[in-house]
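The values are calculated or read from the model by the stated rules, or taken from the named source; none is laboratory data. Here the structure is a predicted model, which is why all the values come from computation and not from measurement. Backbone-built Cβ (ideal geometry, glycine too); neighbour counts: all protein chains shown. Surface areas here come from the heavy atoms of the whole protein model, side chains and all, with no ligands, DNA or RNA. Shrake-Rupley method; radii C 1.70, N 1.55, O 1.52, S 1.80 Å.
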Amino acid sequence: MSVKIRLLRIGKKKFPQYRIVVMDSKKARNSLYIEQVGSYNPLLSEKQLIVDQPAIDVWIKKGAQFSDGLNRLLRK
């Protein structure tokens, strides 16, 4: 099972909010996830990004990889 840390879209139409989740890479974007490790709200003036760093470190040690979109977001 290849595991990815990626964004899960929630919220209404034109008002997106995202959860940063750990899930199997073969599942659809909005399917069940293993663990939530953060959140991202792009609509606030400061673009609120909340990350549980110890939980992400644990999953990275287990072999999880960041998705392309989340990798770009975390580099900013």
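Data overview
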| quantity | calculated |
| --- | --- |
| Accessible surface, the chain, averaged per residue in Å² (probe 1.4 Å) | 73 |
| Share of carbon and sulfur in the accessible heavy-atom surface of the chain [1.4 Å probe, %] | 51 |
| Spacing of the two label points (7 Å from each Cα toward its C-beta) at residue 75 and residue 52, in nm | 2.7 |
| Normalised contact order of the chain, rounded percent, pairs of Cα under 8 Å and 6 or more residues apart | 30 |
| Sites residue 68 and residue 19, calculated FRET efficiency, Cβ-Cβ separation with R0 22 Å, nearest 0.05 | 0.80 |
| Heavy-atom accessible area order for 33, 40, largest first, 1.4 Å probe | 33, 40 |
| In nm, spacing of pseudo-spin labels at residue 26 and residue 45 (7 Å Cα→C-beta vector) | 4.7 |
